[in-house]
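Inspection log for the structure reproduced underneath, given as structure tokens.
Throughout, read-outs are computed from the coordinates displayed, never taken from laboratory work. From a predicted model like this one, the values you see are computed outputs, not experimental measurements. Neighbour counts run over all protein chains shown; Cβ positions are idealised from the backbone, glycine included.
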Amino acid sequence: MFKDLEGKVVVVTGASSGLGRAIAKRFGQEKAKVVINYYKNEGKSDELIGEIKEAGGEAVKIQGDVSKEEDVKKIIQFAIDTYGTLDVMVNNAGIQNEVPSEELSLEDWNKVISTNLTGIFVGSREAIAYMLKHDIKGSIINMSSVHQIIPWPHFAHYAASKGGIKMLSETLALEFAPHGIRVNCLAPGAINTPINKEKFSDPAAKKEVLKMIPLNKIGEPEEVAAAAVWLASKEASYVTGTTLYIDGGMTNYPSFQAGKG
Ligand code: NAI
């Protein structure tokens, strides 16, 4: 438990499923006030609010599409109107789809970039502007991926968005460190969430993924959520401009395992 998170106001985007859901729930367990942004699944958000309240936290929900500037502004304003301030912004929402790059349409490219990268830019900008104005030494946590450094054929738009998140976050960290605002990334590897449902339900595909993970297991959303609360807490007060990889060692060149190479 991170006692200093009690009562803190936390926005989590894309929080009705997967990593966002686990992160929102864990902040709730830390007794934070959580603003759940959902895109499509209102029912799941209601369920989550119930779980957070049961755990001793507070929670409200708001619909919004992070690829739309006015929606991101609306989400942050809703948090401020509801709970009076903003301490932690978790820009989590993201999408991916598989397309060979020579067939990648501009429409697909724009959709992924506007959700994954532009959504995080606007979410970070709006949160930072509020924190600056009110002298809040807040924390911005941006959901990246191992693909911020590992190239991924057929997912060029996704990999480009995650690489962009890394440099955006590092730049913001540098820019706002003098104000005590910390900006960091989380970079999960292969985690058991709906985004991977199809892949992990195929045993052969799952086996192939496991070969890339030195710890030899698929991660659970709670293992990413644990990192998120730590990054937001006082325990991480000297951490900014960094990426925490939660990947079972995937970024550690697993093909060199057992002395190969
Ligand atoms: P997910 O598909 O369960 O979660 C994505 C969430 O974002 C969903 O709740 C969805 O409704 C929401 N969303 C999609 N478009 C949106 C929009 N325009 N506005 C607002 N919300 C929107 O999958 P998961 O795994 O929880 O993904 C969360 C984040 O974690 C993504 O940024 C993803 O790229 C990242 N990630 C996930 C990994 C994994 O193995 N599960 C690995 C690396 C990164």
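General observations
- Annotation note: Cβ proximity below 7 Å between a residue of the stretch 50-63 that is under 15 Å from Leu86 (Cα atoms) and a residue that is assigned to a loop (DSSP other than H, G, I, E, B) (sequence gap 6+ or interchain) occurs for no pair.
- Tally, over the stretch 203-234, of residues that are out of contact with any Asp or Glu (no Cβ under 7 Å at 6 or more places or on another chain), away from the ligand (no atom under 16 Å from the Cβ) and within 23 Å of Lys25 (Cβ to Cβ): 2
- Hits in the stretch 50-70 - residues which are within 15 Å of the ligand (Cβ to nearest atom), surrounded by 15 or more Cβ atoms within 10 Å (Cβ to Cβ) and of a type in the set (D, E, K, R): Lys61, Asp65, Lys68, Glu69
- Those residues of the stretch 190-210 which are closer than 30 Å to Met131 by Cβ and crowded, with 19+ Cβ neighbours inside 10 Å, in sequence order: Ile191, Thr193
- Of all residues in the stretch 1-34, those that are in contact with a strand residue (DSSP E or B) (Cβ under 6 Å, 6 or more places away or on another chain) and either within 16 Å of the ligand (Cβ to nearest atom) or not charged (D, E, K, R) (or both) total 14.
- Any hit, the stretch 32-49, residues being surrounded by fewer than 22 Cβ atoms within 10 Å (Cβ to Cβ), on the phi > 0 side of the Ramachandran plot and not β-branched (Val, Ile, Thr): no
- Matching entry among Asp135, Asp65 (being more than 15 Å from Tyr38 (Cα to Cα) and out of contact with any Gly (no Cβ under 7 Å at 6 or more places or on another chain)): Asp135
One line per residue, one yes/no per condition, for (1) under 26 Å from Met89 (Cα atoms); (2) not in a loop (DSSP other than H, G, I, E, B); (3) not aromatic (Phe, Trp, Tyr):
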residue	(1), (2), (3)
Lys206	no, yes, yes
Ala227	yes, yes, yes
Gly241	yes, no, yes
Asn252	no, no, yes
